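Trainee: Input: one structure, supplied below.
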Amino acid sequence: MPGLAVAVLPYDPSRDRVVLIEQQRVPARFAGMPTLMVEIVAGLAEEGEAPEEVGRRELEEEAGLVAGAMVPIADFMPSPGSNSARFQIYFTQVDSADAGGWHGLEEEDEEVRAFPATTAEVEAMLREGSIRNGLTLVALQWFLLNHKTLRKGILPAPVPTP
């Protein structure tokens, strides 16, 4: 039974950039899709681990970034008719001055490339259909809806989580 997956959308308002990651996803091949996926940082919660802890841990492991305040922006089930997976997405402000490069845990056989993206690049990726990860689609569309206030450094109101 799937558990809780936590994702983080890191944004640097001073540079107006989000930090995305890119990694190989073998299951995409079975769906006839490219295996190299552009995503936001995400990971599964371990027993007793708070969602915010998961987000902070994954942000450090996969992008080499330190999270600011963790604000929940979405809490949903991607397919409640077929499984019990639950996703929580958080927003956090980061300093992206040194964002980029290869990250991931060797023991998890991760090879994750982090890279900053401008708002215009995010819009282009969404328009072109190059984002094929559901968590990332939700997070980036939320980002574009809230970009003007986020650019001013105003944190969003948290979405309630049960």
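Trainee: Within the stretch 98-105, is there a residue that is aliphatic (A, V, I, L, M) and either farther than 14 Å from residue 40 by Cα or at pLDDT below 95 (or both)? Break it down stepwise before answering.
Mentor: Within the stretch 98-105, the first condition is being aliphatic (A, V, I, L, M), and the residues that meet it are 99, 105.
Narrowing the set further to residues that are either farther than 14 Å from residue 40 by Cα or at pLDDT below 95 (or both) leaves 99, 105.
Among the residues of the stretch 98-105, at least one is aliphatic (A, V, I, L, M) and either farther than 14 Å from residue 40 by Cα or at pLDDT below 95 (or both), which makes the answer yes.
Trainee: Here's something else I'd like to know. Suppose we filter the stretch 1-50 for residues that are crowded, with 21+ Cβ neighbours inside 10 Å and not in a strand (DSSP E or B); how many remain?
Mentor: Result for the stretch 1-50: 1.
Trainee: Here's another thing I want to ask about it. Among 72, 51, which is over 18 Å from residue 11 (Cβ atoms) and not basic (Lys, Arg)?
Mentor: Going through 72, 51 in turn, the sole match is 51.
Trainee: Now a separate question. Please determine whether any residue of the stretch 92-107 is under 24 Å from residue 158 (Cα atoms), touching a Gly at 6+ places or on another chain (Cβ under 6 Å) and not polar (S, T, N, Q). Break it down into steps so the answer makes sense when it comes.
Mentor: From the stretch 92-107, those under 24 Å from residue 158 (Cα atoms) are 92-96; that's our starting set.
From what's left, touching a Gly at 6+ places or on another chain (Cβ under 6 Å): 92-93.
Now drop any that are not not polar (S, T, N, Q), which leaves none.
The answer is no; no qualifying residue exists.
Trainee: Out of the residues in the stretch 118-162 that are assigned to a loop (DSSP other than H, G, I, E, B) and at pLDDT 90 or above, which is most open to solvent (accessible area, probe 1.4 Å)?
Mentor: 152
Trainee: Inside the stretch 71-81, can you point out the residues that are over 14 Å from residue 56 (Cα atoms), surrounded by fewer than 19 Cβ atoms within 10 Å (Cβ to Cβ) and at pLDDT 85 or above? Walk me through it before giving the result.
Mentor: First, the residues of the stretch 71-81 that are over 14 Å from residue 56 (Cα atoms): 73-81.
Filter once more, keeping what is surrounded by fewer than 19 Cβ atoms within 10 Å (Cβ to Cβ): 74-81.
Passing the criteria: 74, 75, 76, 77, 78.
Trainee: Show the residue pairs that are 6+ apart or on different chains and have beta-carbon atoms under 6 Å apart, the first residue being within the stretch 147-162 and on the phi > 0 side of the Ramachandran plot, the second being surrounded by 10 or more Cβ atoms within 10 Å (Cβ to Cβ) and not hydrophobic (A, V, I, L, M, F, W, C).
Mentor: If the second residue must be surrounded by 10 or more Cβ atoms within 10 Å (Cβ to Cβ) and not hydrophobic (A, V, I, L, M, F, W, C), the pairs left are 153/13.
Trainee: Here are the criteria: (1) touching a residue at least 40 places away in the same chain (Cβ under 8 Å); (2) of a type in the set (A, V, I, L, M); (3) open to solvent by 30 Å² or more (accessible area, probe 1.4 Å); (4) part of a helix (DSSP H, G or I). Tell me which single one residue 97 does not satisfy.
Mentor: Checking residue 97 against (1) touching a residue at least 40 places away in the same chain (Cβ under 8 Å); (2) of a type in the set (A, V, I, L, M); (3) open to solvent by 30 Å² or more (accessible area, probe 1.4 Å); (4) part of a helix (DSSP H, G or I), the one that fails is (4).
Trainee: Still on this model: Which of the residues spanning the stretch 51-74 are more than 13 Å from the chain's Cα centre (by Cα) and not in a helix (DSSP H, G or I)?
Mentor: Correct list: 64, 66, 68, 69.
Trainee: Exactly one of (1) open to solvent by less than 40 Å² (accessible area, probe 1.4 Å); (2) within 20 Å of residue 122 (Cα to Cα); (3) not in a strand (DSSP E or B) is unmet by residue 91. Its number?
Mentor: (3)
The values are calculated or read from the model by the stated rules, or taken from the named source; none is laboratory data. What you are looking at is a predicted structure, and each value in this text was computed from that prediction instead of being measured. Counting neighbours? That spans all protein chains shown, and the Cβs are built from the backbone with ideal geometry, glycine included. The protein model used for the area step is the full one, side chains on, heavy atoms only, and it has no ligands, DNA or RNA in it. Shrake-Rupley method; radii C 1.70, N 1.55, O 1.52, S 1.80 Å.
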